[in-house]
2 protein chains.
Amino acid sequence: MALPNGPVTTSSEAEAVLFELVDVYDRAYEAAAAQLSLSPAQACVLGRLDERRGMGALADELGCDASNITQIVARLETLGLVTREPNPQDRRARLVARTPRGDEINHRFTTAFTFARTAVGRLSPDEQDQLTALLRKALG
Amino acid sequence: MALPNGPVTTSSEAEAVLFELVDVYDRAYEAAAAQLSLSPAQACVLGRLDERRGMGALADELGCDASNITQIVARLETLGLVTREPNPQDRRARLVARTPRGDEINHRFTTAFTFARTAVGRLSPDEQDQLTALLRKALG
DNA sequence: CCTGTTACTTGAGTGAATCAAGGATCATTG
DNA sequence: CAATGATCCTTGATTCACTCAAGTAACAGG
């Protein structure tokens, strides 16, 4: 399991809760992925393939090196969850798409990753709106 | 940079903001660590050494294998940020402690990781309390 | 065409994480 | 007190994420 991204000492309660939230969220994400024998990175990429798209687009969106995506997509391809087809418009490029099995695994993953849904579900609609507004303001 | 732990499609705005928060938080943590040439895991371990403690205690708290801690502490030791002293009470055990340089780097790290402070700082005291209450409720 | 740029891959290297196995020490108990 | 088992940590092997540098192939503009 990935080590938490958090300080021990926080200067306010709000910061402490923020840290706890991030930690629990990350662990839940990892656990949901592990349940399907996926790494968090694999689950992440798989989840961004609702439409077929190029490797570069993935790298841009995820803010990482293209070669990182090459590697992750290669593993997903080996697992039979993804295909890498040539792009007829540009023969340098590849179009990555989920296979039916990839669709199913991705669906099972989104079902398994209940944390955000559950957490939000503990709040009333009004409270959800308040939380959204507060977090938006906090994010600047 | 680590890939985000988040779904693309969210069923509510609150979930989407939650995901964004986690993503921004994680990236900020990683960036602050990188600024000091530390990995997130190294920064994490270093931050939990306000008092000297055993390897096992670290592994327990961080929820990972003991050998993982061995590895990370070894690197921190190489960097001169940490010492591994024998435990006089139990010669199997080692006591890990920050060196003065470790203290300094850790202090610089907590200064560099401004995200949580800044985010909370954008809220009024009342709003901070509201956020704390809402997140506590959401966490269950 | 020729040049430069773009899209992706490959290879090398670091580090996190897990598992299995082992050494040393403690703690218990027959 | 000696044997047994548990505990603390390390080592070694493996997988994967991530980054950087370098390379190939194909596009796009002059």
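The values are calculated or read from the model by the stated rules, or taken from the named source; none is laboratory data. Nothing here was measured: the structure is a model prediction, and the numbers come from that model. Here the Cβ is made from the backbone with ideal geometry for all residues, glycine too, and neighbour counts use every protein chain on show.
Worth a mention:
- Among (1) within 12 Å of DNA strand C (Cβ to nearest atom); (2) within 12 Å of chain B (Cβ to nearest Cβ); (3) within 12 Å of A:GLY102 (Cα to Cα); (4) not basic (Lys, Arg) - the single one A:LEU76 does not satisfy: (2)
- Any hit, segment A:84-95, residues being within 15 Å of DNA strand D (Cβ to nearest atom) and of a type in the set (Gly, Ala, Ser): yes
- Among (1) surrounded by 15 or more Cβ atoms within 10 Å (Cβ to Cβ); (2) part of a helix (DSSP H, G or I), the one test that A:THR83 misses: (2)
- Only one of the numbered conditions (1) farther than 30 Å from A:GLU20 by Cα; (2) among the acidic types (Asp, Glu); (3) more than 10 Å from chain B (Cβ to nearest Cβ) is not met by A:ASP60, and that is (1).
- Top-ranked residue in segment A:29-39 [being outside any helix (DSSP H, G or I) and surrounded by fewer than 20 Cβ atoms within 10 Å (Cβ to Cβ); ranked as nearest to DNA strand D (Cβ to nearest atom)]: A:SER39
- A:THR111 closer than 23 Å to A:ARG27 by Cβ, surrounded by fewer than 16 Cβ atoms within 10 Å (Cβ to Cβ) and not aliphatic (A, V, I, L, M): yes
- Every test in (1) surrounded by fewer than 19 Cβ atoms within 10 Å (Cβ to Cβ); (2) polar (S, T, N, Q); (3) more than 14 Å from DNA strand C (Cβ to nearest atom) is passed by B:ASN106 save one, and that test is (1).
- Cβ pairs under 8 Å, 6+ apart, first in segment A:111-140 and more than 16 Å from B:GLN130 (Cα to Cα), second surrounded by 14 or more Cβ atoms within 10 Å (Cβ to Cβ) and aromatic (Phe, Trp, Tyr): A:PHE113/A:TYR29; A:PHE115/A:TYR25; A:PHE115/A:TYR29; A:ALA116/A:TYR25; A:ALA116/B:PHE19
- Test result for A:GLN42, modelled with pLDDT of 95 or more and exposed (fewer than 15 other Cβ atoms within 10 Å of the Cβ): no
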